[in-house]
Structures are given as C-alpha cells and as structure tokens.
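Just so it is clear, none of the values below were taken in a lab; they were calculated from the coordinates. As the structure is a computational prediction, the values presented were derived from the model and not from experiment. Please note: Cβ atoms are built from the backbone with ideal geometry, for glycine as well, and neighbour counts cover all protein chains shown.
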Amino acid sequence: MTTETTSVLNGVRVLDLGGIGPGPFASMMLADLGAEVIRLDPPAGTGTPMNPVLDRGKKSVTADLKSAEGIALARAIAARSDIVIEGFRPGTTERLGLGPADLHALNAALVYGRITGYGQDGPKAQKAGHDLGYIASTGLLAQLGRAGGPPQFPANLLGDFGGGGMLLVVGVLAALTGARETGTGTVVDAAMVDGANLLYAMMHGFAAMGLWHHDAPGRNLLDSGAPFYDVYPTADDRYVSVAAIEAPFFAEFVRALDLEDALPEPLETLDHWQPTYWPALRALIAPAIAARTQAELVELFAGRDACVEPVLSMAEAKTDPHNTARGLFTTDADGIDQPTPAPRFAPAGGFVPATGERSGGTGTPRPPRRAPLIGDDTAAVIAELGLDQTADPDVG
C-alpha cells in the first residue's frame, strides 16, 4: 500500500481571499485533493498560528486589503490562479476591486467561488448570520429533535460544512471543468440556505410520497420516530445505535435480542414500517437493550447484519479496529490529531473489495502539510510567481 498524498488537483492553484467556517473548510478540501491553496491573511496576525486542521496544506500570504498594495497583490495572484474563493458579505469584494468582473478582466478562465449564508441576492442577502440561523430559516432545524421536544442542532455541520463548504467545492470543481473546456470562467454562488435545503432532498421526496410528515418531527422513519432507527441507553449508561431498517436486518436484530415470540405479529408477516406497530416494538426493544451493557451488546451483535453499533467517544473512535485499519485519523507534524483527507482514490481496477487489497491505489494518504503560521509563505509565493507586490497586473 502506498502512502502518497492525494493529488488529483495537482497543478490547480486556488486563491482564498479569507473568511471563516465554510470557506476555510472548502479550501482545506481542495488542498487535501492536491491543489495549491494560497490564503490571504491580514498582516496584523503575522507569525500567529492558523487553525491547525482547517488550514492544513495551505500557504499563508499576508495582504492588507485596505491598502492599494494589498489589493494589487491579491489581483496579481488571482491573475495566475484557477479558482478564487471568498466568504464575505455580498458586494464586499466588488468594493475592494476584487469582484468577479474585476478578476475576470485579468483572467478570463477564472472560477470565482462565493460562499454566504443567504446567497448573493434576496431580502436577507446582507443580513448577518451563522449556521444555526440558516438552518432555522430553511425549515430544517424544526425537523431535528425528538417528538415533543425542542429542536436539536448538530453543531454547525449542516449549514457551514455540509450545506456550505462542500457545496462550494462541488460548484468550483464543476465550474473548473467547464472553464478548461471553454476558456471562460464563471461565478459560483454557494449559499448555506441552499445547501442545507439540498441535504434534505430525500425527505422532501418522502413527503411527496406520503412517507414523511414535516409537521411531525421525531415521529418519522429516520428521525427517532421508528423504534428500529434510534439510539438506546444501555445498562452501563452508554448508548448503542440501531438502524435495522430493511426487513432482513430487522429480523436479525429481533432474533439476536430473542424478541421474536413477543412481537405483535409473526415476524414473517410483520410490516415493521407501519407506525401503528412502533409503540409496541419500542416497548420490547428498549428494555431488552437496557438490560445489557454496551460491551455485551457489541458481543451479541458481532458478526450479525443487524445494523447495531456502539456509540463511541471520540477517543474510542480513534482506536476502533476498523477506523484504525482505514486510517480514519491522522496526526500532523506537531502531533495534532486530524481527520484523514477524503475521499480515497485508486486507479481503475485498483481496489479489490473481496480481499480489501489495493493494487496501485493511493491507500491512506500521509498526514497533510501542517498549517502555516500567518504570513509564512508571503516572500516565497511572491518570488515563485514572479510578482511585484506593488504592481497591478493589468498595468504592469
């Protein structure tokens, strides 16, 4: 197994004009994929640490975007880049002379990626906000939580990262394909409200099919309503997850817990998806799980396709045999634990599922280049690109 860093974007240069949350996450993913990512940072922070995970693999160049020199440097780098991303309020980069029209005049094939909460237009476009407000305004937050309880939010995963940063990555890479074919770049408007709503696509479809009820959170198939798709406490105050949705998995689950004879109907004819059965099934499942420790349940379900997993702490997850075999976590040069870059890549035919062996694949990437200190790469980037920090590329 080789351990080369993923480099499918080798030769692609990305200029990150700055921002928090989803923008740095998007540029981290692009760096993980092998792109050269140059992030601009204010000179006031020179020498201070960047986020050790979100800024891994990047180069940091200081540029004062309130000065003519800083703007000229940003324009010069953009003129030599394939992708620019920014995460400011709509209109900010236009006022700086770094908007799409400004930079496309220098580099016609440039892909210009923008990430905001509410998008580049609409009544809320200029409104301040964060992940929680974005998912609240899309109706998504109201769908999260148990029946009769308040909405529960999964940190800032849905708006900032799943619906924001990843949507931006998809957009700029799709646009890059088009730019390379036509020589003409485009603007990518990635809004977290758009992305969060998109993540809910399957449930929108289920609702149209009569299989999901938006006005009944915590009572649906996949939101803790169904007793066979939920998290249960164990005898030692730990938890296990149960996701026995399909009939074969549900049957295996019931038999493992020795509940078959107590079912409200014979297992062969029981339609466990019918909500009318859910209270009775939960009354059987919950005490059966609560009577056993998490370790006992792990042993009970070992080797069974019942879709039962222990709820692990982060520390436990880092030593889990499967996670270890996959190299799910990595450590940078400073000893900081990090999620390993994903997805993995291998040549056609390079992965053999039956044996788990790879032939010529990338395997587990080596730890990415650690995050720089702010300004670490300023001189090197200017020299490498042959830039004059004070010169505007369209006049000299």
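When the chain is fully extended, how far beyond the present Cα-Cα distance does Leu373 get from Gln126, taking 0.36 nm per residue of separation?
Working: separation 247, 0.36 × 247 = 88.92 nm, distance 3.16 nm.
Full-extension gain reported as 85.8 nm.
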* Work out how much length Leu284 to Asp261 would gain on full extension: take 0.36 nm times their residue separation and subtract the Cα-Cα distance, in nm to one decimal. => 7.2 nm
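Semi-axes of the equivalent ellipsoid for region 180-273, please: Cα gyration tensor eigenvalues, times 5, square-rooted, ordered largest first, whole Å. Can you show the working numbers first?
On the way: eigenvalues 307, 57, 44 Å².
Semi-axes, largest first: 39, 17, 15 Å.
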* Asked: With a 10 Å Cβ neighbour count serving as the proxy for reagent exposure, in which order, fewest first, do Ser7, Ser81 appear?
  -> Ser7, Ser81
* Could you list Trp278, Trp212 in order of exposure, starting from the residue whose Cβ has the fewest other Cβ atoms within 10 Å? => Trp278, Trp212
* Asked: Once both axes come from the Cα atoms, what is the angle between helix 278-290 and the longest principal axis of the chain, in degrees from 0 to 90, rounded to 10?
  -> 90 degrees
* **Residue with peak Gaussian network fluctuation, the chain [Cα springs, cutoff 10 Å], from Ala371, Ala235, Ala175** => Ala235
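When a footprinting reagent is the concern and you count Cβ atoms within 10 Å, what order do Phe228, Phe249 take, fewest first?
Working: Phe228 23, Phe249 18.
If I rank by nearby Cβ atoms, fewest first, I get Phe249, Phe228.
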* Structure fact -> Out of Met50, Met209, Met29, a Gaussian network model of the chain with alpha-carbon springs under 10 Å gives the largest mean-square fluctuation to Met209
* Put a dot 7 Å past each Cα toward the Cβ at Thr184 and Lys318; how far apart are the dots in nm? -> 5.1 nm
* To do: Go ahead and estimate [θ] at 222 nm for the chain from helices alone: -39,500 (n - 2.57) per DSSP H run with n ≥ 4, summed, over the residue count, rounded to 500.
  => -8500 deg cm²/dmol
* Gaussian network model of the chain, Cα springs within a sub-10 Å range: biggest mean-square fluctuation belongs to which of Glu86, Glu36, Glu181? -> Glu181
* Give the label of the value calculated from the structure for percent of Cα pairs over 30 Å apart, choosing from (1) 38; (2) 53; (3) 45. => (2)
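For region 229-314, what is the charge dipole size about the Cα centre, in debye to the nearest 20, if Lys and Arg each add +1 at the Cβ and Asp and Glu each add -1 at the Cβ?
Values: 5 positive and 15 negative charges, 47 e Å.
Roughly 220 debye, rounded to the nearest 20.
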